[in-house]
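Asks: Got a structure here, written out as structure tokens. Questions coming.
The values are calculated or read from the model by the stated rules, or taken from the named source; none is laboratory data. Values in this document were obtained by computation on a predicted structure and should not be read as measured data. Heads up, the Cβs are rebuilt from the backbone with ideal geometry, glycines too, and the neighbour counts pull from every protein chain shown.
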Amino acid sequence: MAPDAKGRDGDPERVTVVVRKYDGGEHRSWPADLVEQRGPLIVLTGVFEGEVEHEMMGTISHGTKSVEYYWLDRFYNVFHLTESSGHFRSFYCNIATPPVLAGNVLTYIDLDIDVLVEPDFSYRIIDVDEFETNALQMSYPPEVQRHAKESLAELISLIQQRQFPFSLNAQ
């Protein structure tokens, strides 16, 4: 990996991640540090500042570290989650539009489908029904729906073959 991306003061460059729904409404946002930008790959890191209750993952503890992989040309992103103890927790993948990095803001549109990858590399595909509902209600164009389905298949292949970033050595 390339050297860490540093701001003028030598600290990592701070980025705000903004997730939107297809209708443009903000879904969530958080701060992260830019670690690397190489070609279409952007790597950020963040730390959960509080405890989060997640429907499928349970409690995500304060101090959990997230290494976030975004590609400017892919319809998904991948989060590598490590507990504050250093123990690998899971990968969490979002089917989403390719992000846009403008200044210190990285924005993408969440397309609802998620994939949770456990430490044993078993995985669950989540929220396909939400995708189908929102595709109708928010009029996802056919090409967006096609990209979402193709990207899900690509992610599953990467997981099964343990290709980057689905390796415990990926950080």
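Asks: Taking Leu152 as the residue in question, decide whether it is closer than 29 Å to Pro31 by Cβ, assigned to a helix (DSSP H, G or I) and in contact (Cβ under 8 Å) with a residue 40 or more places away in the chain.
Replies: Considered against the rule, which asks whether it is closer than 29 Å to Pro31 by Cβ, assigned to a helix (DSSP H, G or I) and in contact (Cβ under 8 Å) with a residue 40 or more places away in the chain, Leu152 comes out as yes.
Asks: Out of the range 123-139, which residues are closer than 30 Å to Glu83 by Cβ and touching a Leu at 6+ places or on another chain (Cβ under 9 Å)?
Replies: Within the range 123-139, Tyr123, Arg124, Ile125, Ile126, Val128, Phe131 qualify.
Asks: Quick check, is Arg14 touching a Leu at 6+ places or on another chain (Cβ under 8 Å) and either over 18 Å from His80 (Cα atoms) or modelled with pLDDT under 95 (or both)? Let's see the steps before the verdict.
Replies: Numbers: touching a Leu at 6+ places or on another chain (Cβ under 8 Å): yes; either over 18 Å from His80 (Cα atoms) or modelled with pLDDT under 95 (or both): yes.
Taking the combined requirement at face value, the residue satisfies it.
Asks: If you don't mind, there's one more thing I want to ask. How many residues, within the range 122-131, are surrounded by 13 or more Cβ atoms within 10 Å (Cβ to Cβ) and touching a residue at least 24 places away in the same chain (Cβ under 8 Å)?
Replies: Going through the range 122-131 one residue at a time, the tally reaches 4.
Asks: Residues to consider are Asp114, Asp110; find the one that is touching a His at 6+ places or on another chain (Cβ under 6 Å) and assigned to a strand (DSSP E or B).
Replies: After applying the criteria, what remains is Asp110.
Asks: While we're here: Can you name every residue in the range 107-165 that is in contact with a helix residue (DSSP H, G or I) (Cβ under 8 Å, 6 or more places away or on another chain) and on the phi > 0 side of the Ramachandran plot?
Replies: Of everything in the range 107-165, those that are in contact with a helix residue (DSSP H, G or I) (Cβ under 8 Å, 6 or more places away or on another chain) and on the phi > 0 side of the Ramachandran plot turn out to be Asp112, Phe121.
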